[in-house]
Amino acid sequence: MCAALTDLIGKASLFGELEPQELEALARAAERQEFQRDEVVFAAHEPADSFYVVASGRVKVCVSSAGGKELILATLGPGQFFGEMALLDDATRSASVVAQLATVAYRIRRADFERLLEQHPTIARKLLRELSLRLRRSNAQMESLATLDVVGRLARYFINLAKQHGQILGNGWVAVRRPTHQDIANTIGTSRETVTRLMNDLEQRGLVVNEGKMSYLKESVLSEAAE
């Protein structure tokens, strides 16, 4: 188990330059946690004492309005991490994280994380790059909400999903775990009913094929719809 976890942590972008013995020490300090689909990992405004690396499954990072409307900011899969922001500024959690699929994640406590940052400045630089990338994605999402119609936003959603979590099959097709229509709606700022109608249209046009728990996407054609 420790060897597998060491390999997983080593593949995370933050920790790629750590020596094997350092990865092993970090793996020994990590706590395995399992979450069922729709289970809350942590909620916005909770105290923060740890961050997480996803081993399997997928989680969503989301915020809710006063009226209870959810907006999904990001989805994260194996090898990606979350929960680091509140450790850097000593604030509470800025968003909630909820499992979209059955998920295994490893929790690394604040003291171990801070010790890593002190001992390995390269991790801090990588963390800044990752935060910058996530800010760019957030800006792109806001731009989509402001400038694209709902068809364009849906196409852009699937393009991003394919890039971040997809498996390339060849001939322009990409496979992803099938998201719920409600999660799609909460990401692109529309209703579940609208997503269902548009998904039926995409399927009829052959741009998306849904089979069981998987969706198969024709990425190049979706890109044209997202322009």
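Between Gln167, Gln80, Gln100, which gets the highest mean-square fluctuation from a Gaussian network model of the chain, Cα cutoff 10 Å?
Gln167
For Asp201 paired with Arg110, estimate the spin-label separation in nm (one decimal), with each label point 7 Å from Cα along the Cα-to-Cβ line.
Here the modelled spin labels are 4.9 nm apart.
What FRET efficiency comes out for Asp7 versus Asp38 if R0 is 35 angstrom and r is the Cβ-Cβ distance? Round to the nearest 0.05.
Working: r = 29 Å, r/R0 = 0.82.
Computed FRET efficiency for Asp7 and Asp38 comes out at 0.75.
Report, please, the projected area of the chain averaged over directions, based on the convex hull of its C-alpha atoms, in nm². Please report the intermediate quantities before stating the final value.
Numbers: hull surface 52.6 nm².
Computing the convex hull of the Cα atoms and averaging its projections yields 13.1 nm².
Subtract the Cα-Cα distance of Trp173 and Asn210 from 0.36 nm times their separation in residues, and report this length gain in nm to one decimal.
Details: separation 37, 0.36 × 37 = 13.32 nm, distance 1.25 nm.
Additional length available on full extension: 12.1 nm.
Helix 2-11 versus the longest principal axis of the chain: what is the Cα-based angle in degrees, 0 to 90, to the nearest 10?
Tilt of helix 2-11: around 60 degrees.
Gain in length, Leu135 to Leu117, computed as 0.36 nm per residue apart minus the alpha-carbon separation, to one decimal in nm?
On the way: separation 18, 0.36 × 18 = 6.48 nm, distance 2.10 nm.
Taking 0.36 nm per residue and subtracting the Cα distance, the gain is 4.4 nm.
Find the lysine pairs in the chain meeting two conditions, Cα atoms under 20 Å apart and a separation of 8 or more places or different chains, and report how many there are. Please report the intermediate quantities before stating the final value.
Values: Lys11/Lys126; Lys11/Lys163; Lys60/Lys69; Lys60/Lys163; Lys60/Lys213; Lys163/Lys213; Lys163/Lys218.
Going through the chain pair by pair, I get 7.
Among Val40, Gly170, Gly83, which residue has its Cα furthest toward the positive end of the charge dipole of the chain, with +1 on Lys/Arg Cβ and -1 on Asp/Glu Cβ?
With unit charges placed on the Cβ atoms, the residue in question is Gly170.
Return the calculated 222 nm mean residue ellipticity for the chain, to the nearest 500 deg cm²/dmol, obtained by summing -39500 (n - 2.57) across DSSP H runs with n ≥ 4 and dividing by the residue count. Could you put the intermediate results ahead of the total?
On the way: 9 runs with 106 residues, N = 227.
The per-residue figure over the chain is -14500 deg cm²/dmol.
If you place +1 on the Cβ of every Lys and Arg, -1 on the Cβ of every Asp and Glu, and leave all else neutral, what size is the dipole of the chain about its Cα centre, to the nearest 20 Debye? Each step should come with its number before you reach the end.
On the way: 28 positive and 29 negative charges, 84 e Å.
Here the size comes out at about 400 debye.
Only the coordinates and a few stated rules stand behind these numbers; no lab work does. Note that the structure is predicted; figures quoted are calculated from it, not measured. All Cβ positions, even for glycine, are placed from backbone atoms using ideal geometry, and neighbour counts span all protein chains on display.
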